[in-house]
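Read through the structure below, which is laid out as structure tokens, and then see the notes.
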Amino acid sequence: MPFKDFFSRQARKPTGIFGRFFMPAFFNKGNSALNKRMTELVAANGNDQILEIGFGTGTVINAMAHGLTDGTIEGIDFSNAMLNVAKRKNRHHIAAGTVSLTHGNFDEIAYPPEKFDTVCSGNTIYFWPSPDATVSQVFDTLKSNGTLVLAFVDERKMKNMPLNMGIFRPISLSSVHELLKNNGFSCIETHPVNGQESAMYCVTARKQ
Ligand SMILES: C[S@@+](CC[C@H](N)C(=O)[O-])C[C@H]1O[C@@H](n2cnc3c(N)ncnc32)[C@H](O)[C@@H]1O
């Protein structure tokens with residue numbers, strides 16, 4: 001299998017020794033600017049109830065947990081390799097009851113309606129088989145006035161990356177706006193990361 005296919009599969013769902021020991025370094029380095037901005041935009045504090053979809057190494061969850069007093073952060077990721085890495089990184093927050101991490105596919109979990117103040121996800125939208133279904137499910141699980149924060153690389157940059165575009169499905173900023181609008185979100189705002197040239201964005205949207 002060509003390396004770009006192998007790597008793309010690992011990025012979608014890290015597995016085995018490579019997933020456990022090599023992918024964390026790629027995620028932590030390659031995704032750090034997007035994840036830092038996503039953490040700032042979530043601005044976790046007080047008693048917020050937060051969900052992160054596809055937490056990877058659990059770096060964002062670890063950073064967000066410091067802002068909470070009585071709140072909780074749930075994370076879901078369908079990679080066992082990432083679950084192990086993130087559990088270790090967040091062991092103190094887990095022991096304190098601030099963080100709980102679940103192994104599973106977000107699309108297959110029935111979260112209670114209106115449970116979360118904020119749902120966030122970084123670098124996962126490319127892998128969603130039905131973006132409409134996933135965004136609609138996020139909408140349902142958000143409280144009224146809740147916020148969705150999505151972080152991603154725009155298709156104009158991603159198309160030039162050495163990745164398998166059957167596994168990564170690049171998406172444009174305007175398509176993300178449309179997707180969110182079509183599924184009931186409003187106050188949709190773009191937050192470029194490292195300037196427009198980098199083609200990396202966080203998009204925030206409100207359920208009203
Ligand atoms: C490219 S990695 C990004 C990890 C992290 N968010 C970051 O930006 O560094 C994608 C992660 O999302 C997880 N993932 C993708 N689709 C998922 C889904 N539908 N449900 C749960 N986890 C998912 C993968 O297992 C992987 O850990």
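Every read-out reported here was derived from the displayed coordinates using simple, explicitly stated rules and does not represent laboratory data. Keep in mind that what you see is a predicted model, and the values were worked out from it rather than measured. Here Cβ is always computed from backbone atoms with ideal geometry, including for glycine, and neighbour counts include all displayed protein chains.
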*Protection-proxy order for peptides 136-142, 108-114, 69-75, 51-57, each taking the mean of Cβ atoms within 10 Å per residue, highest first*: 51-57, 136-142, 69-75, 108-114
*Which of the aspartates and glutamates could a cross-linker span from Lys115 if the Cα-Cα distance has to be under 19 Å and same-chain partners fewer than 8 positions apart are dropped?*
Asp48, Glu52, Asp70, Glu74, Asp77, Asp107, Asp140
*Calculate the all-directions average of the projected area of the chain's alpha-carbon convex hull, and give it in nm².*
10.7 nm²
*How many percent of DSSP beta bridges within region 3-206 run antiparallel, rounded to 5?*
40 percent
_Using a 7 Å offset from Cα along Cα-Cβ at Leu173, what residues in region 135-156 end up with backbone N under 18 Å from the label point?_
149-156
*Is the shape of region 122-208 best called rounded, prolate or oblate, per the rule: a/c under 1.5 gives rounded, else a/b larger than b/c gives prolate, else oblate, with a ≥ b ≥ c the square roots of the Cα gyration tensor eigenvalues?*
oblate
*Under the Karplus relation 6.51 cos²θ - 1.76 cosθ + 1.60, θ = phi - 60°, what is the ordered set of whole-Hz ³J(HN,Hα) values for region 56-69, x standing for Gly and Pro?*
x, 6, x, 5, 5, 4, 4, 5, 5, 4, 5, x, 8, 10
*³J(HN,Hα) across region 195-208 via Karplus (A = 6.51, B = -1.76, C = 1.60, θ = phi - 60°), whole Hz, x for Gly/Pro?*
x, 4, 4, 6, 6, 10, 9, 10, 10, 10, 8, 10, 9, 10
*Distance in nm between pseudo-label sites at Asn80 and Cys187 (7 Å out along the Cβ direction from Cα)*: 4.2 nm
*Which pairs, out of Lys13/Lys87; Lys87/Lys159; Lys4/Lys87; Lys29/Lys207; Lys36/Lys87; Lys13/Lys143, put more than 25 Å between their alpha-carbon atoms?*
Lys87/Lys159; Lys4/Lys87; Lys29/Lys207; Lys13/Lys143
*Taking R0 as 41 Å, what's the FRET efficiency between Ile17 and Ser144 from their Cβ-Cβ distance, rounded to 0.05?*
0.35
